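Here is the structure we will look at.
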Amino acid sequence: MSKISDFIGKSAVENVKEALRRAREIEEYNALLSLTEERALERAARVDAGEISGRLAGVPFVVKDNFLAFGAPTTAASKMLENFNAPLQATAVEKLEAEGAICIGKANLDAFAHGGSTENSAFGPTKNAADETRVAGGSSGGSAVVTALDVVPFALGTDTGGSIRQPASFNGVVGIKPTYGAVSRYGVVAMASSTDTIGCFATNAEDTDLVMEIMAGRDDKDMTTLPDFWNNQPEFAKKKIGLVKQCMTDDVDAEVRQKTLDYAEKLKQLGYEIEEVDLSMMQHSLAMYYIIVPAELSSNLARYDGVRYGHRAAEVKTLAELYGRSRNEGFMTENKRRIMIGSFVLSSGFFDAYYMQAQKARTLLIDEFKKLFTEYDALLMPVAPTPAFKIGENASDPIKMYLADIMTVPASLAGLPAVSAPVGNSDEGLPIGVQLIGDYKSDKNLLKLVSEVEKI
Amino acid sequence: MSVYDDYEMTIGIECHVQLATKTKLFSPADNDARDAEPNSKTHQIDFGLPGMLPVLNKHAVELAVRAGKALNSPIAHVSRFDRKHYFYPDLPKGYQTSQMYNPIILAGYVDAPLEDGSLKRVRIDHAHMEEDAGKLTHHDGYSLVDLNRAGTPLIEIVSEPDMHSAEEAKAYVSELHKLMVYAGVTYGNLYHGNMRFDVNISVAKKGATELGKRAEIKNLNSFRSVERAAEYEFKRQVDILERGEEVVQETRGWNDDKQITISQRSKEDAQDYRYMPDPDIPPVVLTDEVIAEIQSKVPMLPGEYREKWSALNLDKSVINSLLSNQDYAQITLEVQEKSGEASAKRVAHWFASALTASDESDAQTDNESIRVAVDDLIELAEMTEKSEVSSTNAKELFNELLAGAKNPRKLAEEKNLLQVSDESAIAAIVDEVLNDPASAASIADIKAGKDKAIGYLVGQVMKKSKGQANPSLAQKLIREKL
């Protein structure tokens with residue numbers, strides 16, 4: 001698989017042409033919703049002419065189609081925004097472009113990032129890079145697949161409850177959900193504001209670190225961004241890593257558990273002590289997540305009303321009809337399900353019992369993590385209970401689909417950085433990943449650790 | 001005794017105050033949309049585009065902190081923003097960003113002066129920050145949306161139901177307006193909707209322990225309409241009760257042409273706003289030091305002016321006129337502090353009569369700032385005091401100063417408005433007049449005891465002095481010489 005350094009110092013136009021060729025070659029995976037060919041070639045020519053330079057000069061990349069970016073519509077894989085052309089670009093995209101990187105296309109996702117398989121896309125599911133009968137994972141499925149299939153050396157995604165980590169694991173690439181607030185959310189279609197993070201996929205930890213370092217930092221347009229911390233955190237010194245007990249039960253696929261233990265062995269080789277630890281609040285994390293996240297997204301999706309932009313139902317007679325039909329036609333079933341759950345938990349009389357209660361439990365989860373990080377540098381656990389499942393297998397059972405998020409949502413709720421690192425394939429040849437969760441702002445150290453394991 | 005005397009009304013008022021910021025509450029869009037093309041003063045953030053995030057306007061927070069001082073309210077050390085959800089085309093995000101659970105301004109009070117000179121204390125429950133919505137105009141078969149006003153920063157001041165008459169309600173909103181303008185919180189332009197009032201009114205038999213069902217009269221934009229709406233609503237509700245019916249809890253509008261309230265929607269249509277803490281905006285944290293620093297910039301407020309002026313024995317109408325213009329009030333006080341009460345009183349009256357043209361009760365303080373030098377005013381006041389100018393001429397000179405002229409003494413000289421109070425100069429004129437044969441008849445009359453006849457002689461002195469002689473001095477000299 002290609003690395004960023006493979007593209008540096010070469011003709012940007014050639015890099016972009018090759019990426020576009022490769023993108024067309026893998027069209028059957030339905031990983032990309034659009035190619036930004038014209039703009040990409042124009043920018044590549046400017047890089048070659050020396051007008052644009054930087055640490056990623058001439059390196060092609062792909063963004064998940066919930067990033068506002070020029071050159072193609074920003075659809076969020078929905079009918080609602082099918083024809084929405086962004087008048088501005090996300091801060092993350094702007095920062096990468098400022099370093100000379102060239103966006104060549106926009107990747108498929110579950111519409112509005114609601115889902116864990118990329119099956120909820122209004123434009124059809126993305127197929128798994130290793131097995132076309134299986135899901136790519138999600139919601140950033142397209143970005144994971146284009147990275148795994150060597151279209152580009154890195155791709156951007158968003159992770160609200162596992163949407164980068166799980167598809168990274170399903171397709172055998174590195175993925176990071178950074179500390180909440182590390183990267184500006186400005187210009188990214190919001191899902192759940194308090195857990196949305198901007199991250200990326202790459203083929204190795206070092207490249208991941210470079211891309212993240214460029215994107216990270218305070219942005220005056222996003223009040224929740226943190227001042228830049230990427231390169232100034234103390235290194236891991238406890239030399240102890242906790243293996244989360246709750247994730248190593250029979251509910252988790254045996255091969256997945258074995259791969260996690262294999263990874264633990266490698267960490268031991270690097271001089272880390274591995275101890276089993278308890279993360280007891282984890283059992284409540286799905287319940288918290290599926291209250292807080294739908295609540296926030298029901299609010300964030302209220303703006304899609306057919307009045308100013310986006311899908312507008314034809315021949316409506318009343319305002320209620322305009323809203324009802326535009327939203328009914330523009331949203332997918334999973335969007336509507338979550339909007340309804342969110343509206344319910346926020347409704348008068350239920351707010352305290354659901355939303356506030358979930359927030360209290362969230363604080364307990366955060367406290368439990370905090371305690372663990374006084375003793376351990378990082379926590380090790382699988383990313384998902386199974387490798388990639390069959391397309392359609394879980395589609396009719398939302399609860400089963402939600403349960404697959406059990407190991408990725410705790411870090412999201414706590415705002416902690418978490419990396420998904422590939423750890424080989426199952427007997428069937430399906431990629432499996434492990435997850436390392438670190439303390440607040442320890443993102444770079446997690447990637448360093450993964451990089452060291454890569455070198456073993 | 002009328003049936004209305006058996007009832008008492010209870011009034012609580014919510015007031016929306018548009019803050020005098022350059023930009024909107026969460027976006028860099030221009031906050032001054034007066035006379036602007038529809039949708040020309042809007043930003044992607046106010047427009048609710050995907051991926052847009054709010055950036056809290058620090059100046060708006062500062063103005064809220066100032067408002068807190070004017071409301072005698074403590075400021076919350078931690079306040080938060082919440083989302084209030086409802087669907088309407090004037091609300092681009094599908095929610096209004098407001099403060100439901102932790103408002104920035106806590107409980108306080110306003111002391112509103114009543115006609116009889118007493119103060120009515122109205123308690124403030126709290127005041128919170130929020131964004132304004134856009135505007136819809138309805139046409140035949142379609143409606144148009146203008147988002148120029150969307151995102152304009154507001155504070156909503158919520159009073160306790162402490163008022164019991166239309167007069168008290170009017171006094172409260174009028175004082176609130178003065179307070180907000182004086183504290184620099186708002187431009188206070190009522191015509192442009194800078195302050196809007198929602199008035200909650202219920203009536204009950206006097207002495208009843210339970211309040212009646214209330215109606216909310218929305219969107220009043222003048223002190224007079226608040227007063228009239230309260231008067232109208234009191235009668236309407238009493239009439240309903242007297243007929244043995246029940247008042248419906250509802251929202252009503254005010255028809256200014258017909259001077260009546262009209263039903264808009266009843267409580268059954270009440271919406272569930274699904275309030276939720278806004279996860280895009282971190283809590284607003286203010287330390288005591290920061291609050292004190294901001295509030296130290298709040299200039300003197302109307303109540304304190306009234307106190308300082310109490311020694312001047314000014315008419316209430318003069319005080320109200322003065323207070324309707326912060327510049328005039330400020331200058332009057334400066335004169336008082338530098339030169340004493342007599343001068344201040346004169347200046348106060350000059351300002352008050354300069355303001356009589358404007359209707360003070362619905363003052364449109366579009367504060368064209370007045371640049372009269374305080375020292376010039378003091379000089380003019382002292383010249384008047386010493387009878388160097390007549391009071392009529394002083395007024396003329398005052399108007400010149402207001403219009404931008406400087407140096408009243410020089411001005412008076414140029415215009416020949418100075419009174420001659422030099423005894424020898426006047427004595428010479430007096431002699432001249434007394435020796436004039438035309439004066440003989442009057443002199444004879446005076447000597448015969450017809451004292452009124454002196455008026456003719458004084459008039460002649462004034463005439464010969466071209467109006468510059470001090471008339472009382474002239475009279476004194478005539479008497480002495482006769």
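Read the figures in this text as sums done on the coordinates, not as results from a lab. Every value quoted in this text rests on a predicted model; they were computed, and no experiment measured them. Methodologically, a virtual Cβ is constructed for each residue, glycine included, from the backbone with ideal geometry; neighbour enumeration extends over all protein chains shown.
Worth a mention:
- Take every pair of alpha-carbon atoms less than 8 Å apart whose residues are at least six positions apart; their mean separation over the length of the range A:287-372 yields a relative contact order of 41 percent.
- When its C-alpha radius of gyration is set against 2.2 N^0.38 Å (N residues), the protein assembly as shown gives a value of 1.28.
- Among A:69-80, A:193-204, the order from most to least packed when residues are scored by Cβ within 10 Å on average: A:193-204, A:69-80
- The calculated Kirkwood hydrodynamic radius for the range B:133-204 is 14.8 Å, given to one decimal from all distinct C-alpha pairs.
- Other protein chain Cβ atoms within 10 Å, averaged over every residue that makes up B:86-94: 5
- Look at the alpha carbon pairs under 8 Å that are at least 6 residues apart: their mean separation over the length of the range B:92-148 gives a relative contact order of 31 percent.
- For the range A:294-431, convex hull of alpha carbons as volume per residue, Å³: 165
- Spread of Cα-to-Cα distances over 5 Å intervals beginning at zero, given as percent, for the range B:394-448: 4, 16, 16, 13, 11, 11, 10, 10, 6, 2, 0
- Helix B:326-339 vs. chain B, principal-axis angle (Cα, 0 to 90°, nearest 10): 40
- Taking the DSSP beta bridges with both ends in the range A:19-123, the antiparallel portion is around 40 percent.
- Take the Cα radius of gyration of the range A:1-113 and divide it by 2.2 N^0.38 Å, N being the number of residues; the result is 1.03.
- Shape annotation for the range A:75-122: C-alpha extents along the principal axes are 33, 22, 16 Å, from largest to smallest.
- 5 Å binning of all Cα-Cα separations within the range B:210-327, expressed as whole percents from 0 upward: 2, 8, 11, 10, 9, 10, 12, 15, 13, 7, 3, 0
- Bridge orientation summary for chain A: considering DSSP beta bridges with both residues in this region, about 65 percent are antiparallel.
- Over chain A, Cα pairs under 8 Å with separation of 6+ residues give a relative contact order of 18 percent.
- Degrees separating the helix B:166-182 axis from the principal Cα axis of chain B, which is the longest one: 80
- C-alpha long axis of helix B:223-242 to longest principal axis of chain B, angle in °: 60
- Evaluated over the range A:345-456, the count of Lys pairs having alpha-carbon atoms less than 22 Å apart is 9 (only pairs 8 or more residues apart or interchain).
- Compactness of the range A:70-193 as Cα Rg over 2.2 N^0.38 Å, two decimals: 0.99
- Binning the C-alpha pair distances of the range B:59-102 at 5 Å intervals from 0 yields a P(r) profile of 5, 19, 18, 21, 14, 12, 9, 1 %, listed from the shortest bin outward.
- Highest-first arrangement of A:315-326, A:96-107, where packing means the average Cβ count within 10 Å: A:96-107, A:315-326
- Chain B, Cα convex hull volume normalised per residue, Å³: 219
- With the convex hull drawn over the C-alpha atoms of the range A:318-375, the volume per residue is 103 Å³.
- Protection proxy ranking of B:140-147, A:161-168, B:165-172, A:16-23 - average other beta-carbon atoms within 10 Å, highest first: A:161-168, B:165-172, A:16-23, B:140-147
- Neighbour-limited loop hits for trypsin sites (Lys or Arg not before Pro), the range B:14-77 (at most 14 other Cβ within 10 Å; DSSP other than H, G, I, E, B): B:22, B:34
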